[in-house]
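Student: Encoded as structure tokens, here's the structure I'll be asking about.
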Amino acid sequence: MNEKFVCFAPGWYINTKDQVYQDSWKRFYVAKPRPEEGSGWLRGTNLVLMTSAGRLLSGTVKDRNGLAQGLQEVLEAYAKLPEAQRRPKSVEGEVKPQSAPPPGGLVLTIYDRPLGRNEEGRYRLPEGNDLGGLRTEAPHGQRSSLWLTEAECKSLVPPNPQKGRTHNVLTKLARRIWLYGLVPQTLWVVEETWKPDSVRAGELKATVEEVSPQVVRMRLHGSVLLSGPGVLHEWPTHKFIKNVENRYDARLEGMLVYDRVQQRIVRWDLAALGDFSGRWFAGHKGWIEATPGAPLPLGFAFELDQTAYELPLERRRPRSFIHAYIFKDKEQYYWDPEKWEEEWKKRQPR
């Protein structure tokens with residue numbers, strides 16, 4: 001990256017000792033690039049572009065299959081820059097490798113995607129159109145993650161599995177999946193999350209469907225109703241419009257495969273599909289409300305991150321926004337949402 005340019009999805013902390021990076025990030029974040037710079041966006045994606053020296057770049061992905069072409073165009077523009085705008089004379093600051101996931105645990109990758117149709121009845125824009133930043137028409141879902149402990153993984157597999165038997169997923173684990181996994185960042189960006197008391201109703205069960213000397217295959221199934229306060233406001237002035245209820249009513253369905261030889265979960269496919277009502281971000285149009293009478297279909301997909309325990313720390317994917325930012329100074333509540341709710345209630349006005 002020091003030789004070419006840096007293309008990244010925004011992280012949840014900046015290196016405060018690295019002034020070049022800090023200044024570049026501020027210029028991008030407040031949308032006030034220098035006259036000779038780009039906007040910092042790879043338009044049509046959630047990627048930010050800047051050179052190693054801190055000069056903001058810009059580019060456009062013209063259709064949902066055009067990421068490589070868009071990056072190539074940016075790279076060609078980068079090659080024309082003076083050396084001083086490409087690479088810094090020196091790099092200061094502390095190297096911060098990614099944290100390692102729990103020993104013996106799992107990392108789930110999560111994708112969320114609004115499924116509303118546009119005026120032509122399409123879920124996505126036709127090829128060749130400018131994506132325009134509308135989240136219901138983005139080419140891909142937003143990616144997040146959820147870390148599971150070894151104890152949580154073991155709790156999912158009964159010690160004596162029998163075909164047809166059903167058991168409840170541990171309440172703490174189910175709440176972690178709902179509160180930390182079903183966060184629609186494609187709708188909210190990073191301005192809102194579910195509150196500790198947002199689970200209004202829900203159940204998550206595992207039913208054994210196959211037992212052999214090699215594997216135990218289980219069906220995951222259940223439902224959840226999440227609700228929390230939201231505020232509808234204008235963009236970018238943040239002028240107050242009204243208070244709303246963010247609400248997600250969904251069913252969950254999936255499959256889990258446990259390898260009895262390796263003694264570990266080797267497959268976790270889970271989907272959540274339901275209706276969302278409340279505020280959502282619509283790119284340059286500002287904030288819009290999905291009403292209870294006309295909710296927005298919203299889907300999530302979970303899969304096992306097979307690389308989480310294989311790659312070195314510097315190449316692993318970062319923790320989720322919930323994990324790394326919301327629980328930055330109180331990580332114990334990431335692992336125990338019940339304690340999070342207890343602490344949260346103590347701080348509420350009486």
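The values are calculated or read from the model by the stated rules, or taken from the named source; none is laboratory data. In this text the structure is predicted, and so the values were computed from the model without any measurement. Cβ sites come from the backbone with ideal geometry, for glycine too, and all protein chains shown count toward neighbours. Accessible surface areas use protein heavy atoms only, side chains included; no ligands, DNA or RNA. Shrake-Rupley method; radii C 1.70, N 1.55, O 1.52, S 1.80 Å.
Student: Relative to the present Cα-Cα distance, how much length would full extension add between Arg264 and Asp197 at 0.36 nm per residue of separation?
Tutor: Once the chain is fully extended between Arg264 and Asp197, it gains 20.9 nm.
Student: Run through every distinct alpha carbon pair of segment 218-350 and return the Kirkwood hydrodynamic radius in angstroms, one decimal place.
Tutor: Radius from the Kirkwood sum: 18.3 Å.
Student: What do you reckon, how do Leu47, Leu313, Leu273 stack up by accessible area (1.4 Å probe), largest on top?
Tutor: Putting Leu47, Leu313, Leu273 in descending order of accessible area: Leu273, Leu313, Leu47.
Student: How do Arg43, Arg113, Arg87 stack up against each other in accessible area, from largest to smallest, with a 1.4 angstrom probe?
Tutor: If we order Arg43, Arg113, Arg87 from most to least accessible, we get Arg87, Arg43, Arg113.
Student: In segment 209-294, carbon and sulfur make up what percent of the accessible area (probe 1.4 Å)?
Tutor: Summing carbon and sulfur atoms, their accessible area is 53 percent of the total for segment 209-294.
Student: Right, another one. Defining a contact as two alpha carbons under 8 Å apart and six or more residues distant in sequence, what relative contact order in percent does segment 223-268 show?
Tutor: Averaging sequence separation for qualifying contacts and normalising by length gives 33 percent for segment 223-268.
Student: Treating only the Cβ atoms of Lys and Arg (+1) and Asp and Glu (-1) as charged, compute the dipole magnitude of segment 163-216 about its Cα centre; round to the nearest 20 debye.
Tutor: Details: 8 positive and 6 negative charges, 52 e Å.
Rounded to the nearest 20 debye, it is 260 debye.
Student: Here's another thing I want to ask about it. Between Ala151 and Ala301, with labels modelled 7 Å along Cα→Cβ, what's the label distance in nm to one decimal, could you check?
Tutor: Those two pseudo-labels are separated by 3.3 nm.
Student: Under the classification rounded if a/c is under 1.5, otherwise prolate if a/b is larger than b/c and oblate if not, where does segment 296-350 fall, given a ≥ b ≥ c as square roots of the Cα gyration tensor eigenvalues?
Tutor: oblate
Student: Accessible area per residue of segment 144-240 at 1.4 Å probe, in Å²?
Tutor: Heavy-atom accessible area per residue stands at 44 Å².
Student: Once you order the gyration tensor axes a ≥ b ≥ c over the Cα atoms, which shape class does segment 145-229 get: rounded for a/c under 1.5, otherwise prolate or oblate by comparing a/b with b/c? Provide the component values of the computation, followed by the final result.
Tutor: On the way: a/c = 2.72, a/b = 2.26, b/c = 1.20.
Prolate is the answer for segment 145-229, as a/c is 1.5 or above and a/b outweighs b/c.
Student: Please calculate how many Å² of accessible area segment 35-79 carries per residue, with a 1.4 Å probe and no DNA, RNA or ligand atoms counted.
Tutor: 46
Student: Which shape class applies to segment 268-314: rounded if a/c is under 1.5, otherwise prolate when a/b exceeds b/c and oblate if not, where a ≥ b ≥ c are the square roots of the Cα gyration tensor eigenvalues?
Tutor: Oblate, since a/c reaches 1.5 and b/c is not below a/b.
Student: Before I look further, what does segment 274-328 give for accessible area per residue, probe 1.4 Å, in whole square angstrom?
Tutor: On the way: 2690 Å² over 55 residues.
Counting only protein heavy atoms, the per-residue value for segment 274-328 is 49 Å².
Student: Same structure, new question: Check the straight Cα-Cα distances from Lys80 and name the aspartates and glutamates below 17 Å, setting aside those fewer than 8 residues away within the same chain.
Tutor: Once the sequence-local aspartates and glutamates are set aside, what remains near Lys80 is Glu3, Glu36, Glu37.
Student: I'd like the accessible area for Glu343, computed on protein heavy atoms only with a 1.4 Å probe and all protein chains in place. Round to 10 Å², please.
Tutor: 50
Student: Given a Förster distance of 22 Å, report the FRET efficiency between Ala294 and Leu232 from their Cβ-Cβ distance, rounded to the nearest 0.05.
Tutor: 0.90
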